[in-house]
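Since the structure comes first, as structure tokens, the remarks are kept for the end.
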Amino acid sequence: MSVLDSKIPAGPIERKWTDYKNKIRLVNPANKRKIDVIVVGTGLAGGSAAATLAELGYNVKAFCFQDSPRRAHSIAAQGGINAAKNYPGDGDSVFRLFYDTIKGGDYRAREANVYRLAEVSANIIDQCVAQGVPFAREYGGLLDNRSFGGAQVSRTFYAKGQTGQQLLLGAYSAMSRQIGKGKIKMYTRYEMQDLVLVDGKARGIIARNLVTGKLERFSAHAVVVGSGGYGNVFFLSTNAMGSNVTAAWRIHKKGAFFANPCYTQIHPTCIPVTGDHQSKLTLMSESLRNDGRIWVPKKMEDAIAIREGRLKPTDIAEADRDYYLERRYPAFGNLVPRDVASRAAKERCDAGFGVNATGEAVYLDFSSAIERYGKEQAMIHHMTDATPEQIYKLGRDLVEAKYGNLFQMYYKITDEDPYVTPMKIYPAVHYTMGGVWVDYNLMTTIKGCYCIGEANFSDHGANRLGASALMQGLADGYFVLPYTIADYLADDIKTGAISTALPEFDEAEKSVRDFSERLMNIKGTKPVDYFHKRLGKAMWNYAGMGRTEEGLKKAITEIQQIRQDFYNDVKIPGTIEELNPELDKALRLSDFLELGELMAMDALNRSESCGGHFREESQTEKGEALRDDDRFAYVAAWEYKGEPSQAVLHKEELKFEVVKLAQRNYE
């Protein structure tokens, strides 16, 4: 029998969440003032949770390693946020959003959690509009929608190409109100180093002041971790360079199971790698696939000539262009899910049709959209004899209005004008669907320790649909956790303040200090980034877009060697109790080095292909992911036992009562 209890309520799926809320215990306003909650991370999930819990009356201690909650990586989200509002009247519904998410995740997510996500999605838009988030609007003033991958309806609300920034500012404004009232105590430039357990319950954290280097103790009746994903295990990713797995991994080492670590998302539209000098990659929003068409040359000689600089993409005739997504997936075209689009790009480039110097890029072309919009605008303005130049100008202006900041960003990075020359794009690590295992209440396997947003595994299965990350983060923080945490905290109304003088805090602080001293005393010859780059190459080569049994076994062996070399030869200048970014990086990398091995183990164990996890031994005749539902329709939750190689696998069987299991088809 599984030790995992997902606590999914009984009853019809459309009634589960409502009935559950009607029956759980509550904490009255006077008692909320007696209860402290720690929130680690202040992105969309953590920020919205902190603001909402404080608004309800709890005393919140919020932590971020940045100098302001506004700098959380959520700010980098570009394209939009999904919600089942059906404003365009194109057939959307809560059920269709639920179904698209289950299917997009390749049938590897819990039905109950995903339905709840779809159900509360509409509330998020109302909440954010009330906060003043400037969503795009149609000519008549109504909120506008656009399309994203994996859906045949337009359900994505957006604020130009900076939706994450605007949503984060909304959450930050709500936080700021509570900070001003004293209900949130904000700790910026602090990083969680350990979870403190008292009688088996999460009762506080040890955090490092990144400015002074000092370790400090903080207590609470519950701890909420909303620290984001672990994509930087690959070194090169679209994540902010500071993004890390440390908070999530430290609670894992204290008893929280880590679920589906091999489920990582490779985003199909990123600016390609140009060399070893790079420290991060840049995302180009999926929203660009609304109007951009993806292609490579049909002829090998044309691809070679482009790579050698003898041809420009604009020299390639329309008949000689292979719009391969439109060719392979006519029903969805360029808006197939991310894992499908990424593998298709890799297939074309592996076949020799890549279009940059490294052979690892395809084109994202807006010439058709500019012409189409230009003709439409000419009709609107009664320009019956519009010249090609006028049509181009009208079309370009409209494209600029929709995507201008993204085009500007691309131009600044590449020095190429995407209005004139097609963008070059290639898949890159972007998001992680795996994460800390949580039940229906968003509680981990540690009592009183919750995990929300990208840091948990909850809602996306093996592949996240575009514009659903913001949806999940805000759903967890605004509309799910504030209900479910009350049911747990109802037992703590008479507990009183948790003392930080308890021996459990002494032990946790000593453990953190001893580990930091161990790293500082290595006094080797190689900087932290040397080992991080080695780890990233091993992960990308063997556990990236294509995975094999042989490659994953190599990855495990290489990562073990890299970890050994790290602990023998890393060089960290400075001292512990001072501003020391190299020590910050070393502490984070120590966790990545363990996580990377567990990811490879998880990928090796899951010999099927599903979503973003593509085992080359398990594919259809057309090169699509081939699932094995008889053997792998479960959540893989790993228990820490001292070394990644000793981790114990626990299985949560996935039950599909509403959606029928089927091979995904986007043709």
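The values are calculated or read from the model by the stated rules, or taken from the named source; none is laboratory data. All values reported here derive from a predicted model rather than from experimental measurement. Virtual Cβ from ideal backbone geometry, glycine too; neighbours counted across all protein chains shown. Note: accessible area is taken over every heavy atom of the protein model, side chains too, but ligands, DNA and RNA are not part of it. Shrake-Rupley method; radii C 1.70, N 1.55, O 1.52, S 1.80 Å.
For the range 398-427, the tally of residues that are within 14 Å of residue 369 (Cα to Cα) and not in a helix (DSSP H, G or I) stands at 6. Criterion applied to 115, 107, 139 was being out of contact with any Asp or Glu (no Cβ under 9 Å at 6 or more places or on another chain) and among the aromatic types (Phe, Trp, Tyr), and the one residue passing it is 139. In the range 515-528, the qualifying residues are those that are assigned to a helix (DSSP H, G or I) and open to solvent by 70 Å² or more (accessible area, probe 1.4 Å), and the one that is farthest from residue 576 (Cα to Cα) is 518. If only residues of the range 332-369 that are of a type in the set (Asp, Glu) and not in a helix (DSSP H, G or I) are counted, the one that is most open to solvent (accessible area, probe 1.4 Å) is 360.
Residues being within 23 Å of residue 490 (Cβ to Cβ), touching a His at 6+ places or on another chain (Cβ under 7 Å) and modelled with pLDDT of 95 or more are entirely absent from the range 17-25.
State all residues of the range 576-615 that are outside any helix (DSSP H, G or I), of a type in the set (Asp, Glu) and touching a strand residue (DSSP E or B) at 6+ places or on another chain (Cβ under 7 Å); if no residue qualifies, say none. Hit for the range 576-615 is 608, nothing else.
Within the set 597, 549, the sole residue that is acidic (Asp, Glu), open to solvent by 30 Å² or more (accessible area, probe 1.4 Å) and either closer than 22 Å to residue 245 by Cα or modelled with pLDDT of 95 or more (or both) turns out to be 549. The requirement of being closer than 25 Å to residue 38 by Cβ and in contact with a helix residue (DSSP H, G or I) (Cβ under 7 Å, 6 or more places away or on another chain) is satisfied by residue 258.
How many residues does the range 272-286 contain that are under 14 Å from residue 78 (Cβ atoms) and of a type in the set (Asp, Glu)? Of the residues in the range 272-286, 1 are under 14 Å from residue 78 (Cβ atoms) and of a type in the set (Asp, Glu). Being without any contact (Cβ under 8 Å) to a residue 24 or more places away in the chain, outside any helix (DSSP H, G or I) and under 25 Å from residue 194 (Cβ atoms), is that true of even one residue in the range 568-575? Yes: one or more hits. Across the range 643-663, the qualifying residues are those that are open to solvent by less than 30 Å² (accessible area, probe 1.4 Å) and assigned to a loop (DSSP other than H, G, I, E, B), and the one among them that is nearest to residue 551 (Cα to Cα) is 647.
The combined condition, being in contact (Cβ under 8 Å) with a residue 24 or more places away in the chain, assigned to a strand (DSSP E or B), closer than 30 Å to residue 134 by Cα and open to solvent by less than 50 Å² (accessible area, probe 1.4 Å), is fulfilled by residue 60. Counting only strands (runs of 3 or more DSSP E) that sit wholly inside the range 117-225, those with at least 3 residues that are buried (at least 21 other Cβ atoms within 10 Å of the Cβ) are 190-198, 201-209, 222-225. Would the range 385-395 turn up any residue that is farther than 18 Å from residue 271 by Cα, open to solvent by 20 Å² or more (accessible area, probe 1.4 Å), in contact with a helix residue (DSSP H, G or I) (Cβ under 8 Å, 6 or more places away or on another chain) and part of a loop (DSSP other than H, G, I, E, B)? Yes - at least one qualifying residue is present in the range 385-395. Checking each residue in the range 267-314 for being of a type in the set (D, E, K, R), surrounded by fewer than 23 Cβ atoms within 10 Å (Cβ to Cβ) and touching a Gly at 6+ places or on another chain (Cβ under 9 Å) picks out 293, 307. In the range 291-313, the residues that are in contact (Cβ under 8 Å) with a residue 12 or more places away in the chain form Cβ pairs under 6 Å with partners that are part of a loop (DSSP other than H, G, I, E, B) and among the hydroxyl-bearing types (Ser, Thr, Tyr), at six or more places apart or across chains, as follows: 293/323; 295/323.
Against the numbered list (1) farther than 30 Å from residue 242 by Cβ; (2) assigned to a helix (DSSP H, G or I), residue 296 comes up short only at (2). Taken over the range 443-458, the criterion of being assigned to a loop (DSSP other than H, G, I, E, B), surrounded by 24 or more Cβ atoms within 10 Å (Cβ to Cβ) and touching a helix residue (DSSP H, G or I) at 6+ places or on another chain (Cβ under 8 Å) is satisfied by 444, 448, 452, 458. I'd like the residue in the range 624-642 that is in a loop (DSSP other than H, G, I, E, B) and among the aliphatic types (A, V, I, L, M) and, out of all such residues, is surrounded by the fewest Cβ atoms within 10 Å (Cβ to Cβ). In this case the residue turns out to be 626.
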